[in-house]
Amino acid sequence: VENNQNGGVYQSQGNRKYENFKIVNNYRAGSGAGIRLEHTAHATFDRATVVNNTSETAAGAVYLKQYSNQPHNSPKIHIVNSIIRDNHQNQGIEEGLFEEPIQNLYTGTITIAYSNIEGGEGAVNMYVGDPNWESCTGYWGCDCCPGILNWGQGNIDEDPLFVDANNGDYTLQSGSPC
């Protein structure tokens, strides 16, 4: 999925497995330019390359969001054997808001294992909001709905050594840590 102006992958329900998937150079005016999961979406990304995606507001790479007051029906993503690098957002960074490339708003479960994540575990924002804000005082029915991060084994934060990322060749060079 490349060069889309409304983001790469959007899923709002159901179970789906994405294998050997490239999500690059996508743009989204909102949040989640690479991958956006909402509601009851459950997705596995195995051997995915999520690179150079840009959102205007939050989470250039991966964004999970729950709209209902049913935290047990929240989105879930499992990322394995994948690369997430060089994703960006245009707003909020100067205030220090939502600058992480992977974000979970309110509820949801993010599981990452054996992947190369730029920024490591610190690249994941399990944002639960301001407890004084209306949505965290019962509107969602879940006391700010903390999400779950399962930071598994084998994750690294190293240059993946793409052959020629500047020209869109995300093939790994010999000697890549990936």
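The values are calculated or read from the model by the stated rules, or taken from the named source; none is laboratory data. Everything numeric in this text was worked out from a predicted model, so none of it was measured. For neighbour counting, all protein chains shown are included, and Cβ atoms are generated from backbone atoms with ideal geometry for every residue, glycine included. What goes into the accessible areas is simple: the full protein's heavy atoms, side chains included, and nothing from ligands, DNA or RNA. Shrake-Rupley method; radii C 1.70, N 1.55, O 1.52, S 1.80 Å.
Quick notes
- The stretch 1-81, dipole about Cα centre (Lys/Arg Cβ +1, Asp/Glu Cβ -1), debye to the nearest 20: 120
- For the stretch 6-56: rounded, prolate or oblate by the Cα gyration tensor [a/c cutoff 1.5]: oblate
- Chain lengthening between ASP164 and GLU121 when straightened (0.36 nm per residue, less Cα-Cα): 12.9 nm
- Protection-proxy order for peptides 112-119, 58-65, each taking the mean of Cβ atoms within 10 Å per residue, highest first: 58-65, 112-119
- Annotation: PHE162 carries an accessible surface of approximately 30 Å², with a 1.4 Å probe and no ligand, DNA or RNA atoms counted.
- Three-way shape label, the stretch 28-87, alpha-carbon gyration tensor, a/c 1.5: oblate
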